[in-house]
């Protein structure tokens, strides 16, 4: 990453407190590397950016991949970096718990006036989260990463089958090993049922129940209700074990847990494809 940031929205607090930031923007050609990632072909020919610093380099800074970065309530991308390596949307300035991640490389003397203000505002902003350690640790890849990896299966050097079978279900090899577009389409069409169990899988069990997603709270309501049906109780328990950390014995216990947890319930891919419960007093958006 070089000197610039994407100019999309200046509504976030880091652009308004304590200093107001309204940087001058300019149009730049969309980087070729953005095109290599899923949905990259839909991006415009030019993109609006603003200068955070002035080093006249296209490297030196660091961006964090966007895939799954903000899928828990304690993580957010504050500024998307204009970069020459990773995907559009990668984080240049971000927060995870009480950690501020600043990806630009220049000292304040090389920052623009808006860049210096952003740096100061970001420090003020992160101070609000003093003591609030990150809620989750990385345990799995975000589901959208399956789309990126599906698109490169024929470009891998070395043992392509080894790569495929440690990324996707082995039973897909015969049909999709030479068809990256088909594999990408399969995962895109089933993105709401994707989960990660050593490899990216599609939850056909959940899908067969007519449930539209594994990450919407309604799935828990449906599964807990299924516990009362002897013919479907075992399946419900298996799916609850897949998507929660609960170990309850009875339907009544599951119902009580769900009612008590609902205001603080969130789903995370990166944290293990689970519904987790934020600590008492934690404010969810």
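The values are calculated or read from the model by the stated rules, or taken from the named source; none is laboratory data. Everything numeric here is computed off the predicted structure, so don't read it as measured data. Note that each Cβ is placed from the backbone with ideal geometry, even for glycine, and that neighbours are counted across all protein chains shown.
Out of the residues in the range 5-29 that are closer than 22 Å to residue 54 by Cβ and under 22 Å from the mean Cα position of the chain (by Cα), which is modelled with the lowest pLDDT? Write out each step before concluding.
Narrowing the range 5-29 to residues closer than 22 Å to residue 54 by Cβ: 5-8, 10, 14-15, 19-29.
Retained after the next criterion (residues that are under 22 Å from the mean Cα position of the chain (by Cα)): 5-8, 10, 14.
Numbers: 5: 96, 6: 95, 7: 94, 8: 87, 10: 92, 14: 96.
In this case the residue turns out to be 8.
Can you pull out the residues in the range 224-234 that are more than 18 Å from residue 267 (Cα to Cα) and buried (at least 17 other Cβ atoms within 10 Å of the Cβ)? Break it down stepwise before answering.
At the first step, the residues of the range 224-234 found to be more than 18 Å from residue 267 (Cα to Cα) are 225-234.
Residues satisfying the conditions are 226, 227.
Go over the candidates 99, 168, 129, 82 one by one and state the one that is in contact (Cβ under 8 Å) with a residue 24 or more places away in the chain and under 19 Å from residue 33 (Cβ atoms). Break it down into steps so the answer makes sense when it comes.
Values: 99 fails: under 19 Å from residue 33 (Cβ atoms); 168 fails: under 19 Å from residue 33 (Cβ atoms); 129 fails: under 19 Å from residue 33 (Cβ atoms).
From the options 99, 168, 129, 82, the qualifying one is 82.
Counting residues that are assigned by TED's automatic domain parsing to the domain that holds residue 36, which helices (runs of 4 or more DSSP H) fully inside the range 79-187 reach at least 2? Write out each step before concluding.
Details: elements: 113-127, 145-150, 160-165, 173-176.
Correct list: 113-127.
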